Amino acid sequence: MQPRIGFVGLGVMGRPMAQNLLKAGYTLAVYARRLETAQVLAAGGASLTGSPREVARASDIVFTMVTNTPDVEQVVLGDDGLIHGLAPGSVVVDCSTIAPGATRRMAEILRARGIEMLDAPVSGGEAGAVQGTLSVMVGGRPEVYARVRPVLERMGKTVVHVGENGAGQVAKAVNQLILVTTLEACAEGLALARRCGVDAGKVREALMGGFAASRVLDVMGRRMVEEDYDPGVEARWHWKDMHIVMGLAAEVGLAIPAASVAAQNYNALMSGGGAKRDTSLLVKLIERAGGAA
């Protein structure tokens, strides 16, 4: 018998992820702060609820996909949170990107009530969410992962159990560190090409055939070259994630100098009004810092 699924958080990522579960034939109960974001799911057969607690009462496994650590804590542990509606033996699967320590604390609180938790942050962007090809990094008990994996595979192409609770969030922090420092390198490199009077588009084209090629240079580099800063990934999300990365490094006493530079540049991007522009706007910050108009 298929488990009953709940989903809280139906934004750019959560909505298509939930739609893929509907397409797979799962019974789905959903909650979103903005009702209009849930309408397309209701039209596909999902049950709309009025709170996370109500989602929990109708579900065996509940997925959450919300913005940041305080939001997840409110959804899971708040006055109307999942913890108040879930039965012993049920599972919370948090796909948000949050601090690993907060994930571990929530898992401990839930486990004291007989409820399990997996942290399962994802990478792959909106396109991956729509196509069901996300990379999913999972932390939690192996037996709980084994139980939930068939559901995760409806949303992701690469699903890896990394370790115990919090390990998935550590993997996502590493993902974001590599992604954002690569963005920083692309921005600096293309800015250098322009400063030297060389066509940055041609440089990018040449690099895409060699070892410097990457998905970041392909997608974000193209945006930098074309100066297309309408948001695909808003810069504020990478800024938020780098706070998690830097906090985690501080906790374990590891110096990550390249990430530190990128994090500071994202601070500057936020203060300069770039929060809701595409993250590739980083190149303009580098150019302005070097004296460009």
Take 115, 256 and order them by how many other Cβ atoms sit within 10 Å, fewest up front. 256, 115
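Quote the charge dipole size of the range 84-199 about the Cα centre in Debye, to the nearest 20; the model charges only the Cβ of Lys and Arg (+1) and of Asp and Glu (-1).
Numbers: 12 positive and 11 negative charges, 45 e Å.
So the magnitude is around 220 debye.
What's the magnitude of the charge dipole for the chain around its Cα centre, counting Lys and Arg as +1 and Asp and Glu as -1 at the beta-carbon? Answer in Debye, nearest 20. Please report the intermediate quantities before stating the final value.
On the way: 30 positive and 29 negative charges, 52 e Å.
Once rounded to the nearest 20, the dipole reads 240 debye.
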Ranked on Cβ counts within 10 Å of their own Cβ, fewest leading, 80, 60 go 80, 60
Where Rh is the Kirkwood radius over the Cα pairs of the chain, the temperature 20 °C and the viscosity 1.002 mPa s, what D in µm²/s does Stokes-Einstein return? 107 µm²/s
Distance between Cα centroids, the range 46-104 to the range 131-147: provide it in whole Å. 16 Å
How many angstrom separate the Cα center of the range 173-215 from the Cα center of the range 261-276? 18 Å
Highest average packing first - 264-273, 213-222, Cβ atoms within 10 Å: 213-222, 264-273
Cross-link reach from residue 276 to lysines, straight Cα distance under 26 Å and at least 8 residues apart if same chain, gives 172, 240, 284
Dipole of the chain (Lys/Arg Cβ +1, Asp/Glu Cβ -1, origin at the Cα centre): which of 128, 191, 103 lies farthest to the positive side? 128
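Only helices at least 15 Å long along their axis, Cα-based, and averaging 0.5 or more on Kyte-Doolittle count here, so list those DSSP H runs from the chain.
Values: long enough: 100-111 (16 Å, -0.49); 167-195 (42 Å, 0.64); 215-226 (16 Å, -0.06); 235-252 (26 Å, 0.11); 257-271 (21 Å, 0.26).
Answer set is 167-195.
Laboratory data are not the source of any read-out in this text; all were calculated from the coordinates shown. Remember, predicted model here, so these are calculated numbers, not experimental data. All Cβ positions, glycine included, derive from the backbone under ideal geometry; neighbour counts span all protein chains shown.
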